[in-house]
1. Based on alpha-carbon positions alone, could you give the equivalent ellipsoid semi-axes of the range 29-112 from the gyration tensor, as √(5λ), descending, whole Å?
2. Under the Karplus relation 6.51 cos²θ - 1.76 cosθ + 1.60, θ = phi - 60°, what is the ordered set of whole-Hz ³J(HN,Hα) values for the range 229-236, x standing for Gly and Pro?
3. For the range 78-165, which chymotrypsin sites (Phe, Trp or Tyr not before Pro) are both in a DSSP coil and crowded by at most 16 other Cβ atoms within 10 Å?
4. Determine, for 166, 136, the number of other Cβ atoms within 10 Å of each Cβ, and report the residues in order from fewest to most.
5. Each residue of the range 97-111 in turn: what ³J(HN,Hα) in whole Hz from Karplus with 6.51, -1.76, 1.60 and θ = phi - 60°, glycine and Pro shown as x?
Amino acid sequence: MTSQPSDAALFNSVISRLGAVLGGTSTDGANIVLIGGQAVLLWQARLRPYLHEPVTGITTDDVDLATNNPLVMEACATALEGILEKPSFDHHTPNLGTITFTTEHGTTHRLDILSTPFGTRIDTIRHHAVPLTHPSGVTMFVIRPDDMLEASIAKLAVLRPDDPMSVRHVRSSIATTRAFCEFLLDTDPENLRVVHSVNRHVAEIAESLHARSTYEKHGLDALDALMIEHRLVPEATRTEWYPRVCKRVEKTRGAEWLSPSDDDPSPDIDTP
């Protein structure tokens, strides 16, 4: 009887076989980005020294990638020696395609490639994606933690409102986003510009109805992902910008309830 590979073994197999496909870039960002549960686990591993209370119990049995380039998807199918299935014209789905492939363990798996991960924008994800090097030496682009937070909150609010694993994904994404910013600032003060960008994005997320839903139903506050305490963060960010953001979020949470599916884009957030 063929044994099923572990989450890590499956992930390692896919990454090593995709190789250079994962490291490709174009003028507008990464060609293809690792998203989903494997991205959550990878960020947890890379930022472990900065995660004071790592979220446990996160597992996944698949690998999710995002791209809006069909040629990159076909390159993945070739590298995996798999069968590529594309949705029919009248089949409305965020999936650009699904690749069915067999690992060296003899087990068959599906690799989903999404063109528009739920609750996010593919162009933003590609532009923000962070290059990380796998132990095998393969460099891949991984969804930035704040984009991961936005996706996990939307998924919990709309698609899986009572799913314990989705709750863990949000909790982990909140902690990981803060840890990512702390790591950036400790690494190079010049990264303050990126941290400001992440903070602005987190503030936008916190104002969304998706975030309101996760706050009211699960007590998960997107504002906890903000990095404002670090010594390199300007005092004005803590004393002026942060209180303004909190007031806007409180206003959203106190407004008449609408379904998260009716959520409108958040208003512009001023610079921290």
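Since every read-out is calculated from the coordinates, none of them should be taken as a lab result. Note that the structure is a prediction, hence the values are computed from the model and not measured. Every residue, glycine as well, gets a Cβ built from its backbone with ideal geometry; the counts of neighbours run over all protein chains shown.
1. Semi-axes (√(5λ), whole Å): 27, 16, 13.
2. These are the phi-based 3J(HN,Hα) values: 8, 4, 4, 8, 6, x, 4, 4 Hz.
3. Working: sites: 89, 101, 118, 141; in loops: 89, 118.
Those satisfying the criteria are 89, 118.
4. Going from least to most buried by this count: 136, 166.
5. Whole-Hz 3J(HN,Hα) from phi for the range 97-111: x, 10, 10, 9, 9, 10, 7, 5, 7, x, 9, 9, 9, 10, 10.
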